[in-house]
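*Asks:* I'd like to ask some things about the structure below.
The values are calculated or read from the model by the stated rules, or taken from the named source; none is laboratory data. Predicted model only: the values in this text are computed from it and were never measured. When we count neighbours, we look across all protein chains shown, and the Cβ atoms used for this are built from the backbone with ideal geometry, even at glycine. SASA here: full protein model, heavy atoms, side chains in, ligands and nucleic acids out. Shrake-Rupley method; radii C 1.70, N 1.55, O 1.52, S 1.80 Å.
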Amino acid sequence: MSTFFAKNCLFLTGPTASGKTALAVALARKIGAEILSLDSMAVYRGMDIGTAKPTTTERAAVPHHLVDVVEPNEDFSVAEYLELARRTAEEVLSRGKTPLFVGGTPLYMKALLRGIFDGPPADPALRAQLLAEAEHAMTRGDIDFLHRRLAESDPATAARLHPNDTKRLVRALEVFLLTGRPISAFQTQFSEPHEETATVWTLDWPREELHRRINARVDAMFAAGLVTEVETLTAKYGTLSFTARQAVGYREVIAMLESRETDTPISLAETVEEVKAHTRQLARRQCTWFRSLPECRSVTVEEFREIHGV
RNA sequence: GGCCAGGUAGCUCAGUAGGUAGAGCAACGGACUGAAAAUCCGUGUGUCGGCGGUUCGACCCCGCCCCUGGCCA
C-alpha cells in the first residue's frame, strides 16, 4: 500500500489530553487545511464524549474527515483506516487543500508514514479456533502451544515474539495458515529504508501536568454524561463491537453497568478512578511510540503556536 | 478520661523463633504491521508512626508518647 501521499500532508499528534484539537483547528483555519482524524476510536458514530471528538463548532469551522465513519457495532482495523485515509487525503489534495492529520493513534500514524503489508484480513473463526486449541493445551499444562507451533512455520517471527504475546502469535499463525507464507515475509515496510518526508509535530507536556489534565478531563467527561452515552449506545446497538468496546472510558463504564446485575457491583467512584488510570497508561504508551519515531518533533503548545503563528 | 483494634511502598494490605521486608493496584521504562484507547515484556520506588530500653543485632520484645477507628464513661 503506497504512502506516497503522506509527504504532502501535515501531522499533529501528542498524548491524549495534550490539546491537539484546538491547535489543529487554529492552524487549519489559518492555512486553509482540512483535518483528517488520526484516531482509532473517533471513527465510531455515537461515541462522542469518551473520545473527546471535536465539537460541532470546531467541525463547522474546518472540514473534518475520518470521524463517525463506522457504526459502534462494527469492527474496524488499521488497514481499513489506511485505505480510507489515503482516499480522503487524495481528495483533499485534488481540491488544492492540505490534509492535516490530527490524533493520537501511533500505529495508524506509522502506517500512514511507512505503509503496512498487504495481507489477509482478520479471520475471526480461525482466531477463535487457534485460541481454543491454545486453551485446551493449557489444560494439559502446555503453556506455550502457540509459540511452539509458530516456531515450526516461522522461526524468525517466533524468535521475535514473547510466548505470552497471544494476539501477535495468533495473527502470525493466521497469516501463515491463510497464505502458506510466514508473516515475516510480508512485514517488511517498517524496516525498509525510507525517506523522512513528513514532520510530525508532537505536543509535549511534563508528565505530572499531563496527568492533571487527564484527571480533569475524565471528570469532565463523566459530568458531561458519559454514563448516559454508554447506556444509550448499548440500548441502541446491544453490545458494541469487539474493537469499539475496548475504548478507554467505554469499557470501564460497560463493566460498571454489567456489574449491577451481579453481587459485586462496581461503584461510580471506582469506575472514574479506573478510567483515569487507564488514560494515564494510554498516554505513557503513546509517548513511548513518539520517542521511537524519528519523524516526531517534540514541541510545547507555546512553541507550536509561535512556529505556526496561531 | 478508661478499654480494645490498628499505624509497614503513592493506595489497600501481608509478613518475620529477633538477622534492615513483599503482594495486588498505581507509577516508571520498553515492545508493537489487519483487535492498537488493544496486547505483551521489564523495574520495588520503604526512617516498617516517634523517642528511648533490652539485644551482637529490633519492623518484630519492653516502656513512654503521637495519630486513626470502635466501645465504655
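*Asks:* For region A:54-68, indicate whether the set of residues that are touching a Phe, Trp or Tyr at 6+ places or on another chain (Cβ under 8 Å), open to solvent by less than 40 Å² (accessible area, probe 1.4 Å), at pLDDT 95 or above and not small (Gly, Ala, Ser) is non-empty.
*Replies:* Within region A:54-68, one or more residues are touching a Phe, Trp or Tyr at 6+ places or on another chain (Cβ under 8 Å), open to solvent by less than 40 Å² (accessible area, probe 1.4 Å), at pLDDT 95 or above and not small (Gly, Ala, Ser).
*Asks:* Let me ask something else about it. Given (1) more than 14 Å from RNA strand B (Cβ to nearest atom); (2) touching an Asp or Glu at 6+ places or on another chain (Cβ under 7 Å), where does residue A:33 come up short, assuming only one miss?
*Replies:* So residue A:33 meets the others, but not (2).
*Asks:* Of all helices (runs of 4 or more DSSP H) completely enclosed by region A:102-157, which ones contain at least 3 residues that are open to solvent by 40 Å² or more (accessible area, probe 1.4 Å)?
*Replies:* Those helices (runs of 4 or more DSSP H) span A:124-139, A:145-153.
*Asks:* Of everything in region A:87-101 that's open to solvent by 30 Å² or more (accessible area, probe 1.4 Å) and away from RNA strand B (no atom under 16 Å from the Cβ), which residue is nearest to residue A:198 (Cα to Cα)?
*Replies:* For region A:87-101, the residue satisfying everything is A:98.
*Asks:* From the list A:55, A:51, pick out the single residue that is of a type in the set (S, T, N, Q) and free of Cβ contacts under 8 Å to residues at least 12 places away in the same chain.
*Replies:* Unique residue meeting the criteria: A:55.
*Asks:* Scan region A:10-24 and give yes if some residue there is away from RNA strand B (no atom under 14 Å from the Cβ), touching a strand residue (DSSP E or B) at 6+ places or on another chain (Cβ under 9 Å), closer than 21 Å to residue A:190 by Cα and open to solvent by 10 Å² or more (accessible area, probe 1.4 Å), otherwise no.
*Replies:* Yes, there is a match, as at least one residue in region A:10-24 is away from RNA strand B (no atom under 14 Å from the Cβ), touching a strand residue (DSSP E or B) at 6+ places or on another chain (Cβ under 9 Å), closer than 21 Å to residue A:190 by Cα and open to solvent by 10 Å² or more (accessible area, probe 1.4 Å).
*Asks:* Still on this model: With (1) within 16 Å of RNA strand B (Cβ to nearest atom); (2) in contact with a strand residue (DSSP E or B) (Cβ under 9 Å, 6 or more places away or on another chain); (3) farther than 24 Å from residue A:233 by Cβ as the list, and residue A:63 as the residue in question, which single condition is left unmet?
*Replies:* (1)
*Asks:* Can you tell me how many residues within region A:224-253 are within 12 Å of RNA strand B (Cβ to nearest atom) and of a type in the set (A, V, I, L, M, F, W, C)?
*Replies:* 7
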